[in-house]
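**Student:** If you scroll down you'll find the structure; I have some questions about it.
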Amino acid sequence: SNTGNVTLDFGASQNFVLTMTGNVTLVNPTTEQVGQSGFITLIQDGTGSRTLAVGNQYFGPGGAVPTISTAANSIDVIPYVIIAAEKILLGSAQKAFSDAS
């Protein structure tokens, strides 16, 4: 469960799953590694309407934070790549994953 300020530990993982129980801000990390890439999965809790904000080391498409789904229990995936120290590029969110069976 994640709410408030969250620091991703790029030294320990390259893929992250955050269950949003409140609004989340990804604060600037200190463990990023140039060339690293992966995914950040965001899961809205049963309430939904949680928002995502980021620190100034994150760069989004068009200079904006990627838009995420806000419906309760929504699952979104944001790809990222680290291109330099203190420069994490975020891709557009792939939104609203659901059961494909």
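**Student:** Go through the residues of region 41-53 one by one and say whether even a single one is touching a Leu at 6+ places or on another chain (Cβ under 7 Å), at pLDDT 95 or above, under 17 Å from V81 (Cβ atoms) and not hydroxyl-bearing (S, T, Y).
**Tutor:** Within region 41-53, not a single residue is touching a Leu at 6+ places or on another chain (Cβ under 7 Å), at pLDDT 95 or above, under 17 Å from V81 (Cβ atoms) and not hydroxyl-bearing (S, T, Y).
**Student:** Among residues belonging to region 1-14 that are over 15 Å from F39 (Cα atoms) and surrounded by 15 or more Cβ atoms within 10 Å (Cβ to Cβ), point out the one that is nearest to the chain's Cα centre (by Cα). Step through it out loud before you land on a result.
**Tutor:** Here is the first cut: in region 1-14, the residues over 15 Å from F39 (Cα atoms) are 1-6.
The next check asks that each one be surrounded by 15 or more Cβ atoms within 10 Å (Cβ to Cβ); those that pass are 2-3, 6.
Values: N2: 11, T3: 12, V6: 10 Å.
Checking each candidate, the answer is V6.
**Student:** Right, next: If you go through region 48-101 one residue at a time, how many are assigned to a loop (DSSP other than H, G, I, E, B) and not charged (D, E, K, R)?
**Tutor:** Residues meeting the conditions: 27.
**Student:** For region 1-28, what are the residues that are among the small types (G, A, S) and in contact with a strand residue (DSSP E or B) (Cβ under 8 Å, 6 or more places away or on another chain)? Full working, then the answer.
**Tutor:** Of the residues in region 1-28, the ones among the small types (G, A, S) are 1, 4, 11-13, 22.
Result: S1, G4, S13, G22.
**Student:** Only residues that are assigned to a strand (DSSP E or B) and either surrounded by 17 or more Cβ atoms within 10 Å (Cβ to Cβ) or among the basic types (K, R) (or both): list them for region 26-40, please. Can you show your working first?
**Tutor:** Looking only at region 26-40, we keep the residues that are assigned to a strand (DSSP E or B), and these are 26, 37-40.
Scanning region 26-40 gives L26, I40.
**Student:** When region 47-76 is examined, which residues are found to be open to solvent by less than 40 Å² (accessible area, probe 1.4 Å) and polar (S, T, N, Q)?
**Tutor:** Q57, S69, S74
**Student:** Considering V81, V17, which residue is loosely packed, with under 15 Cβ neighbours inside 10 Å and in contact with a Leu (Cβ under 6 Å, 6 or more places away or on another chain)?
**Tutor:** After applying the criteria, what remains is V81.
The values are calculated or read from the model by the stated rules, or taken from the named source; none is laboratory data. This structure is a prediction, so every number in the text was calculated from the model and none was measured. Every residue, glycine as well, gets a Cβ built from its backbone with ideal geometry; the counts of neighbours run over all protein chains shown. Note: accessible area is taken over every heavy atom of the protein model, side chains too, but ligands, DNA and RNA are not part of it. Shrake-Rupley method; radii C 1.70, N 1.55, O 1.52, S 1.80 Å.
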